[in-house]
Amino acid sequence: MRLLAFGINHKTAPVEIRERVAFPPERIPEALSDLVSQPAVNEAAILSTCNRTELYCSGELEDASPIRRWFADYHRLDEREIEPYVYVHPDQAAVRHLLRVASGLDSMVLGEPQILGQVKEAYRRACEAGTLGAILDRLYQHTFGVAKQVRTDTAIGASPVSVAFAAVSLARQFFSDFGRHTALLVGAGETIELAARHLQEQGIGRMVIANRTIERAHALAEEFKAYAIALDEIGDHLSEADLVIASTASSLPILGKGMVERALKARKRRPILMVDIAVPRDIEPEVGELADVYLYTVDDLQEIIQEGLKSRQEAAKKAEEIIDVQTLRFMGWLRAQAANTLIRMVREQAHQTAERELEKALRQLRAGQDPEAVVRRLAHGLTNKFLHIPSTQIRRAGSEGRVDFLMSAAELFDLKDVDLE
């Protein structure tokens, strides 16, 4: 096995499991280094998003057991805890899986474009960690080209459907007049930026953007005419929010039950719609127990997302055809690498044989032997040396009745008229 894709996603595992095996961005370099130190793992990349955690590895892996063991140990879990949720794709299936992921065909939101940026980020981190080699590097470059082709040649991304869009669509069902309400957006990444854009298009009255890096919050707030605050200021502004959308990379919840209770008291029990689209979750699950809070997680948005997929189904069929062709193309390249290795070894062996025969001929010439006789012996000796092993193997195959081997040998030496019956 030269390639392996191993992971879990929104289809195989609930958010409670996904958040336990997510890799915080700052820990990925260390995790990558540890992963490639495992036996038979030569190259590795890690893709970790709110909807999936996947490992892409290249090496002489007989099966996925070393990867599964490392994955469980790294997250301090028993292998049995993750076994029901993981999937393994070897070789060609691994290639096809990554192409589908990067093209948005395996996403919760069919055709969503954010995943390609996340795949590129996984590639960048692996490059910086020094855990990519010739095979995975080529696979990622191939993947980026295929994802671009899918976007260009199909209408897979035509409809504005995403987790952020689904969150805003949910809010529209709650609030009849967006212009009278305030939204608090926690985070400042791509998903929050997309949510802010949808909220602005829907005419939200006011937006507050909270982020750990206040400069990034200010930059986003300026673009959307919003108000920027730091994360530690959320408690002072939460009571203003009718809608909260949270999506950060924090490993711990940012909004706790106590903070929300105080905000509800200040709001005189006016309800708050809270949409947590982060993995691990940004909002403590216990917040959903409060009477005046409507808390939704990324998994709860599935039904809304499904409503926006119909226009992408036909485009997805064409995209799958592109992916099938491009998977075979990459596998052809991968097989060619094995052939190139064999060719290099054959050439090295032939070169060494030729050098030995040439040195023998030069000694004979220096000894004053007849040059024509020396050249004839050189040609005869090279012919015998080059053909000795092939002749021996063909003779053995003939005695064993291995017609398939004999046919391959005839093809190798371009002997079209030989009768092997």
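Data overview
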| item | result |
| --- | --- |
| Label-point separation, Phe174 to Asp404 (7 Å along Cα→Cβ), nm | 6.3 |
| Shape category assigned to region 141-251 from the gyration tensor of Cα positions, a/c cut at 1.5 | oblate |
| Virtual spin-label span in nm between Asp34 and Lys317, 7 Å along Cα→Cβ | 4.6 |
| Size of charge dipole - the chain - debye, nearest 20, with Cβ of Lys, Arg +1 and Asp, Glu -1, no other charges | 780 |
| Rel. contact order, % - alpha carbon contacts under 8 angstrom, at least six apart, region 347-412 | 26 |
| FRET efficiency estimate (nearest 0.05) - Cβ-Cβ, His237 to Glu303, R0 35 angstrom | 0.70 |
| Rounded if a/c under 1.5, otherwise prolate or oblate - region 204-289, Cα gyration tensor axes | oblate |
| Degrees between helix 214-224 axis and first principal axis of the chain (Cα, 0 to 90, nearest 10) | 80 |
| For region 271-378, convex hull of alpha carbons as volume per residue, Å³ | 187 |
| Global geometry of region 344-421, whether rounded, prolate or oblate, following the gyration tensor of its Cα atoms and the 1.5 cut on a/c | prolate |
| From the C-alpha gyration tensor of region 3-157, square roots of 5λ in Å | 23, 18, 14 |
| Region 90-126-region 280-334 distance, computed between alpha-carbon centres (Å) | 12 |
| Region 46-189: relative contact order as a whole-number percent, Cα under 8 Å and 6+ apart | 21 |
| Listed residue (Ser408, Thr353, Ala367) projecting farthest to the positive dipole end of region 347-412, Cβ model | Ala367 |
| Cα-based helix-to-principal-axis angle, 403-412 vs the chain, degrees rounded to 10 | 90 |
| Label point distance in nm, Arg329-His75, each placed 7 Å from Cα along Cα→Cβ | 3.4 |
| Within region 12-78, trypsin sites (Lys or Arg not before Pro) in DSSP loop having at most 14 other beta-carbon neighbours inside 10 Å | Arg76 |
| Top positive-direction residue, dipole computed over region 163-307 with Cβ charges, set Thr191, Leu295, Val163 | Leu295 |
| Tilt relative to the chain, helix 371-399 - C-alpha long axis, 0 to 90 degrees, to 10 | 60 |
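Read-outs throughout are calculated quantities, based only on the coordinates presented, and are distinct from any laboratory measurement. Computed from a predicted model, the values in this text were never measured in an experiment. Note that we place each Cβ from the backbone using ideal geometry, even for glycine, and neighbour counts take in every protein chain shown.
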